[in-house]
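**Q** Pasting a structure here, questions to come.
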Amino acid sequence: IKVELAALAELNASAQAVMRQARAQVLAKMGTKMTVAEKTGRKDLVTNVDRSNEHFLVQQIRRLDPAAQILAEEGLGDEVKSMAGHVWIVDPIDGTMNFVHQRNHFAIMMAFYIDGEPTLGYIYDVMGDKLYAGGPAVGVTLNAEPLAAPLDVSLADGLFGASAPLLIHDRFNMQQVVSTSLGPRIVGSAGIQISQVLAGELVGYLSYLRPWDFAAGRVLGESLGLVISQVDGTPVNMLSSGAVLIATKSAQRAILAIVK
Ligand code: 2AM
Ligand code: CA
Ligand code: CA
Ligand code: CA
């Protein structure tokens, strides 16, 4: 199912409007009493806002692309078993722990794949009011302005986006990766940390991630000349979880040589 460039540009504009509406609704809900529930444990939360925003995004995607399949974190989409055709991947609030405890440092994310090909991606840093949007055919923008590709900075010359569990337990030799870099930075939102790689603020980010955590980052990152792979260097799969690395080409080379 091919989509012409003009249709894709129009879809990109509509999707950005949806993201802006989603942000406004999330901000409005933050002014009201929120309900917080544990999913698998005390470090894995979901709020009424995660659910209502997912409901909104799924509804809007159905309006824009009725035949598409939707893979969404909180289960309000479809049971997606294949990347064939049009697939949207949704993370309604990325960094729910931050959302609850900091009311900052969280993102809304959405991505569009056609037959498995990264096509459109959106990462909205809600409190920073930064919307990263676009894809390989339509280009990447930050708040509607073209975003320049980050420089190919080496691991030794850059800050590294870490994940707390991997660093604490030294999984994949992560402490050595961090020692080789100028230092670790940990935010606790995959979306925010990936957006920092897009912006050239980090040379890479490595974390154990679910598809909705890296779907938009993959589209935007690959459009900007960044590389994404599993920690063993093999390609990511949009229907499975794993330790995922997004980095500059140079940093990826260095990191893959260090990881064990
Ligand atoms: P989430 O907030 O959408 O769940 C830090 O927790 C980052 O890792 C967040 O981006 C979070 O996304 C993601 N993450 C992925 N799997 C997780 C899990 N099992 N528990 C908590 N966070 C998880
Ligand atoms: Ca979650
Ligand atoms: Ca997430
Ligand atoms: Ca989430």
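Read-outs: derived from the displayed coordinates by stated rules, not from any lab. Model, not experiment: these values are computed from the prediction. Note: ideal-geometry Cβ built from the backbone for every residue, glycine included; neighbour counts use all protein chains shown.
**Q** Take the eigenvalues of the Cα gyration tensor for the chain, scale each by 5, and report the square roots as semi-axes in whole Å, largest first.
**A** Each semi-axis is √(5λ); the values are 27, 22, 17 Å.
**Q** Still on this model: Only Lys, Arg, Asp and Glu count, each charged at its Cβ (+1, +1, -1, -1), so figure out the dipole size of the chain about its Cα centre, rounded to 20 debye.
**A** Around 500 debye, computed over the chain.
**Q** From the P(r) of region 5-146, could you give the percentage of C-alpha pairs in the tail past 26 Å?
**A** Above the 26 Å cut-off, region 5-146 has 23 percent of its Cα pairs.
**Q** So, one more: Between Lys29, Lys130, Lys39, find the one with the highest GNM mean-square fluctuation for the chain; connect C-alpha pairs within less than 10 Å.
**A** Lys39
**Q** So, counting K/R as plus one and D/E as minus one, what does the shell of residues with Cβ under 11 Å around Ile108 add up to?
**A** -3
**Q** How about Lys130: which aspartates and glutamates have a C-alpha closer than 13 Å to its C-alpha, ignoring those fewer than 8 places off in the same chain?
**A** Glu145
**Q** Another question, then. Give me the distance in nm between label points sitting 7 Å out from Cα along the Cα-to-Cβ direction at Ser241 and Ala24, one decimal.
**A** Placing both labels 7 Å along Cα→Cβ, they lie 3.5 nm apart.
**Q** Over 18 Å, how big is the tail of the calculated P(r) for region 155-258, in percent of all Cα pairs?
**A** It works out to 36 percent of all Cα pairs.
**Q** Also: Separation of region 212-234 and region 165-206 by C-alpha centroid, Å?
**A** The two parts, judged by their Cα centres, are 14 Å apart.
**Q** First select every other residue whose beta carbon is under 13 angstrom from the beta carbon of Ala68; then total the charges, Lys and Arg +1, Asp and Glu -1.
**A** -1
**Q** Further question: Which residues make up the longest stretch of the chain clear of GluC sites (Glu not before Pro) that lie in a DSSP loop with no more than 11 other Cβ atoms within 10 Å, not counting the sites?
**A** For GluC sites (Glu not before Pro) (loop position, at most 11 other Cβ atoms within 10 Å), the longest site-free span of the chain is 80-260.
**Q** Net charge near Gly77: determine it from the other residues with C-beta under 10 Å of the C-beta of Gly77, scoring Lys and Arg +1 and Asp and Glu -1.
**A** Result for the local shell: -4.
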